[in-house]
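A.B. asks: Before we start, here is the structure in question, set down as structure tokens.
The values are calculated or read from the model by the stated rules, or taken from the named source; none is laboratory data. In this text, all values refer to a predicted model and were calculated from it rather than measured experimentally. Here the Cβ positions follow ideal geometry from the backbone for every residue, glycine too, while neighbour counts run over all protein chains shown. Ligands, DNA and RNA are stripped out before the accessible areas are found, and what is left, the full protein with its side chains, is counted by its heavy atoms. Shrake-Rupley method; radii C 1.70, N 1.55, O 1.52, S 1.80 Å.
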Amino acid sequence: MNTSIHSQWSSKLAFIFAATGSAVGLGNIWKFPYMTGEYGGGAFVIVYLLCVALMGLPIMMAEVMLGKRGRNSPINSMKILAAEAKQSQWWQLLGWSGVVAGILILSFYSVVAGWALAYVPKLATGEFLIINSMPLAEVQTFIDATFNSLVANPYNLIIWHTIFMSLTMLIILGGVQGGLERALTFMMPALFVLLLILVAYAMTTSNFMDGVHFMFDINFNNLLYPNCTATSCELSGDGILAAMGQAFFSLSLGMGAIMVYGAYLPDKTSIAQTTAIVVIADTLVAILAGLISFAIVFSNGLEPGAGVSLVFKTLPIAFGQMPFGSLFGTLFFILLALAAWSSAISLIEPAVAWLIETKRFKRLGATLFLGILTWLLGLLTVFSFNIWSEINPLFMFPNFADKTFFDLIDYLTSSIMLPLGGLFMAIFVAWLMKKQIIEAELNGSSKHFGYRIWYFLLRYITPLGVGLVFLNAIGIFS
Ligand code: TRP
């Protein structure tokens, strides 16, 4: 069954690069370290890794397979597949919620990618070199001030947000396969090499091992009681929910990004093997980024729980101190922006593909329409860091009382929409699709050991896991 109007990846490797390009992004280098820091380290990491292995990998296989079978945008793929499985047309909603989630995520993603762009000239001009002649306390004040003055200025943020959105639109215009394939082939390896250089630097810092302990010593109190004060501690499921959400976010799962990339997959490609590579690469990058960040945090007396600014405060210190730091630093933030770029594309491609399939839109019109919409939504995030930083739209609900627009969009998408999307994909594949179809798409046999583990995880463990984490988060078990 191949009713696609879209073109395909030129090879298996092209798909691996594209899917890795989607997965590896700000989620690994910006979000993973700061969330690990906020939720106290090792326990967060272990829950995250369990979610990656027990939910992430099986769902990614399922999502690629749905795309490869449906061969259309997630909305139309789900329509076709629901009809094939004689199920309700309501399954299209899965595609719809993905389109909405993608646009919401891209709206803040673009703003944060803009921060990375804004740091490129700072490093290129050697702005951080002066920290070499400063005492530690002044270094902290200096890097705080650098970050704070960037986000305090909405005009600045809007300019970088606009640049990043335009770049994203540009690639989307060229069609994902054409523009993306070539760019990614050198970007991903370059980013990886720079990360290794940074790890080498991190190992020379005085407190590297403190960072390792922070990340891998498992202390569940930090995760379960994130809001402890001197006088009171309250049990909370937020940390576990955040770890699960982060697994989905980092792997680009649950909204159709991976599904639409699967739709461009050549027929014969092995799904199991390619997805395993993507998951391993993504996890490795997150762990490396964490090790780098926390080595610098503990060697310079910074706060692991600094929040969204964490990597923008730690990495410049490294680049200020290391040999060729300005060069490496410039390159690093360029590559971070590029990694964000290749992720951003996958956030909007499902919506673009759908508009094109409806045939009322050309690629140009679809791209412009969605780009402008996303750009406008991005202003909510821009203002969350300055003029609206005191505005808490859900102030009447205690759990959300101190959240800004940015916090809420992030929470709604990562912690709710992505896991729910993944849950329904798992249910659809493992409970409703015909086994023969699954076997044919996976080029596998149901007698194969790996296949049976996958099916078991998807059918029982994934839904149970997502369900338990949700129930825990709303306080059922406490
Ligand atoms: N995975 C990307 C990152 O880690 C972000 C991303 C791209 C994404 N496409 C997605 C997240 C789809 C969720 C869904 O930065």
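A.B. asks: Scan segment 267-284 and give yes if some residue there is farther than 30 Å from Asn72 by Cα and at pLDDT 90 or above, otherwise no.
C.D. replies: yes
A.B. asks: Moving on. Name the pairs whose Cβ atoms lie under 7 Å apart, with the first residue in segment 417-443 and at pLDDT below 95, the second surrounded by 16 or more Cβ atoms within 10 Å (Cβ to Cβ) and in a loop (DSSP other than H, G, I, E, B), and 6 or more positions between them or separate chains?
C.D. replies: Lys434/Ala85
A.B. asks: Something else: Got at least one residue in segment 172-195 being of a type in the set (S, T, N, Q) and under 30 Å from Leu380 (Cα atoms)?
C.D. replies: no
A.B. asks: Restricting to segment 379-398, count the residues that are open to solvent by 60 Å² or more (accessible area, probe 1.4 Å) and in contact (Cβ under 8 Å) with a residue 60 or more places away in the chain.
C.D. replies: Total meeting the criteria: 1.
A.B. asks: Taking Leu170 as the residue in question, decide whether it is over 20 Å from the mean Cα position of the chain (by Cα), surrounded by fewer than 22 Cβ atoms within 10 Å (Cβ to Cβ) and in a helix (DSSP H, G or I).
C.D. replies: Yes.
A.B. asks: Criterion first (touching a Leu at 6+ places or on another chain (Cβ under 8 Å), open to solvent by less than 60 Å² (accessible area, probe 1.4 Å), more than 14 Å from Tyr109 (Cα to Cα) and part of a helix (DSSP H, G or I)) does Leu123 satisfy it?
C.D. replies: no
A.B. asks: Follow-up question, since we're still on this one. Hey, among the residues in segment 10-46 that are open to solvent by less than 10 Å² (accessible area, probe 1.4 Å) and outside any helix (DSSP H, G or I), which one's nearest to the ligand (Cβ to nearest atom)?
C.D. replies: Only one residue fits best here, namely Gly25.
A.B. asks: Follow-up. Give the residue that is nearest to Glu84 (Cα to Cα), with candidates limited to residues of segment 417-447 that are open to solvent by 60 Å² or more (accessible area, probe 1.4 Å) and within 16 Å of the ligand (Cβ to nearest atom).
C.D. replies: Phe424
A.B. asks: Scan Glu349, Glu390 and give me the residue that is among the charged types (D, E, K, R) and within 16 Å of the ligand (Cβ to nearest atom).
C.D. replies: Among Glu349, Glu390, only Glu349 is among the charged types (D, E, K, R) and within 16 Å of the ligand (Cβ to nearest atom).
A.B. asks: Where in segment 197-315 are there helices (runs of 4 or more DSSP H), lying wholly inside it, with at least 1 residues that are within 14 Å of the ligand (Cβ to nearest atom) and open to solvent by 30 Å² or more (accessible area, probe 1.4 Å)?
C.D. replies: Per the criteria, 271-299.
A.B. asks: Only one of these is surrounded by fewer than 21 Cβ atoms within 10 Å (Cβ to Cβ) and in a helix (DSSP H, G or I): Leu338, Leu331. Name it.
C.D. replies: Testing whether each residue is surrounded by fewer than 21 Cβ atoms within 10 Å (Cβ to Cβ) and in a helix (DSSP H, G or I) leaves just Leu331.
A.B. asks: Exactly one of these conditions fails for Gly450: (1) within 16 Å of the ligand (Cβ to nearest atom); (2) open to solvent by less than 50 Å² (accessible area, probe 1.4 Å); (3) not charged (D, E, K, R). Give me its number.
C.D. replies: Unmet condition: (1).
A.B. asks: Among Phe147, Phe186, which is in a helix (DSSP H, G or I) and without any contact (Cβ under 8 Å) to a residue 24 or more places away in the chain?
C.D. replies: Phe186
Results for (1) open to solvent by 40 Å² or more (accessible area, probe 1.4 Å); (2) assigned to a helix (DSSP H, G or I); (3) within 16 Å of the ligand (Cβ to nearest atom); (4) at pLDDT 95 or above, shown as yes or no for each residue.
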| residue | (1), (2), (3), (4) |
| --- | --- |
| Val99 | no, yes, yes, yes |
| Ile103 | no, yes, yes, yes |
| Ser110 | no, yes, yes, yes |
| Ala113 | no, yes, yes, yes |
| Ala116 | no, yes, yes, yes |
| Glu127 | yes, no, no, no |
| Ile130 | yes, yes, no, no |
| Ala137 | yes, yes, no, no |
| Gln140 | yes, yes, no, no |
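A.B. asks: Is there a residue in segment 62-76 that is more than 15 Å from the ligand (Cβ to nearest atom), under 29 Å from Leu335 (Cβ atoms) and out of contact with any Lys or Arg (no Cβ under 7 Å at 6 or more places or on another chain)?
C.D. replies: Checking segment 62-76: not a single residue is more than 15 Å from the ligand (Cβ to nearest atom), under 29 Å from Leu335 (Cβ atoms) and out of contact with any Lys or Arg (no Cβ under 7 Å at 6 or more places or on another chain).
A.B. asks: Quick one: is Leu355 modelled with pLDDT under 95, open to solvent by less than 40 Å² (accessible area, probe 1.4 Å) and under 23 Å from Ser88 (Cα atoms)?
C.D. replies: yes
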